[in-house]
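**Q** A single structure is presented below for examination.
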Amino acid sequence: MVDLTGRTALVTGGSRGLGREMVRAFARAGADVVIASRKLDACEALAAEIRGETGRQAYAFACHVGDWSAIDRLVDDTYAAAGHVDILVNNAGMSPLYGSLTEVSEALYDKVLDVNLRGPFRLTALVGERMVADRGGSVINISSIASVRPSPRELAYSAAKAGLNALTEGFAVAYGPTVRVNTIVAGPFRTDIAKAWDLAAVERHAAKAFPLGRIGRPEEVVGAALLLASDEGSFITGAQIAVDGGVSIAGPS
């Protein structure tokens, strides 16, 4: 079993979806957790649940990761409350729908890059520097299969996540050897974002085209996250690990 006793994990977008499952897994493995998202009430509800179920410390902070100054406050608040961060998960993301590429406004484009790329850059820079000066640590970026198989339906998002993959390699070099930085390249999961899909059509396509024949359950991201967060992944850095049901090796969608 993975043992994260004595460690603190900060997870953005941590109140729902993949973030929620990683928060719960880290706490069950013995870590204290810091849950950050735009909605403070959702973070506080999960923090109370974590404390009740596991007895671990759980802190809740509101933060819009597309806001540079909000990230600075989050880091200061986290270290004031928890004392240290050993695991950082850049999970918060967004991919708004649009009708056509010419309908993508400057504001929408900027918002997508701010949340998916700009925020993780600033947060990793701040926390990674403190990790180097402190006890070392692990940074886990949550990217997407869209970063390596871009689609016109989500092109700004694809570009932002491709940039996140590049940040992974750059930060792994910058903050090694004591800090490891890796990416989970996530495929389609049945999370809140799936509400915007024609889910029946997606599942029919998955049954025919994906090697595992289905989309993922949120809790199925946990194994890779625990590996990368723990000493069991001590020789993994700068890596892109696909957790996608084989989508990346399937034919064109």
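The values are calculated or read from the model by the stated rules, or taken from the named source; none is laboratory data. Since we're looking at a predicted model, the values are computed, not measured. Note: ideal-geometry Cβ built from the backbone for every residue, glycine included; neighbour counts use all protein chains shown. All accessible areas refer to the heavy atoms of the entire protein, side chains included, with ligands and DNA or RNA removed. Shrake-Rupley method; radii C 1.70, N 1.55, O 1.52, S 1.80 Å.
**Q** Carbon-plus-sulfur fraction of the accessible area of the chain, 1.4 Å probe, in percent? Provide the component values of the computation, followed by the final result.
**A** Working: 6250 of 11590 Å².
Roughly 54 percent, rounded to a whole number.
**Q** With every protein chain left in place, what is the accessible area per residue of the chain in square angstrom, probe 1.4 Å? Each step should come with its number before you reach the end.
**A** Working: 11590 Å² over 253 residues.
Ligands and nucleic acids excluded, the figure is 46 Å² per residue.
**Q** Another one. How big is the Kirkwood radius of segment 133-227, worked out from every pair of different alpha carbons and given in Å to one decimal?
**A** Values: mean 1/r = 0.0666 Å⁻¹.
Result for segment 133-227 stands at 15.0 Å.
**Q** Using +1 on the beta carbon of Lys and Arg, -1 on that of Asp and Glu, and nothing else charged, what's the dipole of the chain about the Cα centre, debye to 20? Display every interim value, and only then the final one.
**A** Numbers: 25 positive and 28 negative charges, 99 e Å.
Using Cβ point charges on Lys, Arg, Asp and Glu, the chain gives about 480 debye.
**Q** Give the ranking of 71, 145, 236 by solvent-accessible surface, highest area first, calculated with a 1.4 Å probe.
**A** Working: 71 0, 145 25, 236 45 Å².
Largest accessible area first, the list is 236, 145, 71.
**Q** Just by accessible area at a 1.4 angstrom probe, what is the order of 94, 1, 22 from largest to smallest? Could the numbers behind the result be given before it?
**A** Values: 94 40, 1 220, 22 0 Å².
From most accessible down to least: 1, 94, 22.
**Q** Once Rh for the chain is found with the Kirkwood sum over Cα pairs, what is the Stokes-Einstein diffusion coefficient at 10 °C and 1.306 mPa s, in µm²/s?
**A** Details: Rh = 18.2 Å.
For these conditions, the coefficient is 87 µm²/s.
**Q** If one computes P(r) from the Cα atoms of segment 37-174, what percent of pairs lie at distances over 18 Å?
**A** On the way: 5673 of 9453 pairs.
Tail of P(r) above 18 Å: 60 percent of Cα pairs.
**Q** Just from its helices, what would the mean residue ellipticity at 222 nm be for the chain, if runs of 4 or more DSSP H residues each count -39500 (n - 2.57) and the sum is divided by every residue, rounded to the nearest 500 deg cm²/dmol?
**A** Working: 8 runs with 105 residues, N = 253.
Here the helix-only value at 222 nm equals -13000 deg cm²/dmol.
**Q** To the nearest 20 debye, what is the magnitude of the charge dipole of segment 67-191 about its Cα centre, counting +1 on the Cβ of each Lys and Arg and -1 on the Cβ of each Asp and Glu? Let's see the in-between values first.
**A** Working: 11 positive and 13 negative charges, 86 e Å.
Result for segment 67-191 is approximately 420 debye, rounded to the nearest 20.
**Q** So, one more: Report, in debye and to the nearest 20, how large the dipole of segment 1-89 comes out about its Cα centre when Lys and Arg carry +1 and Asp and Glu carry -1 on their Cβ. Could the numbers behind the result be given before it?
**A** Numbers: 10 positive and 12 negative charges, 47 e Å.
That gives segment 1-89 a dipole magnitude of about 220 debye.
**Q** Sort 190, 38 by accessible area with a 1.4 Å probe, largest first.
**A** Numbers: 190 115, 38 155 Å².
Accessible-area ranking of 190, 38, largest first: 38, 190.
**Q** Tell me, what is the 1.4 Å probe accessible area of residue 169, in Å² to the nearest 10?
**A** 100
**Q** With a Förster radius of 22 Å, plug the Cβ-Cβ distance of residue 106 and residue 73 into 1/(1 + (r/R0)^6) and report the FRET value to the nearest 0.05.
**A** Numbers: r = 27 Å, r/R0 = 1.21.
Rounded to the nearest 0.05, the efficiency is 0.25.
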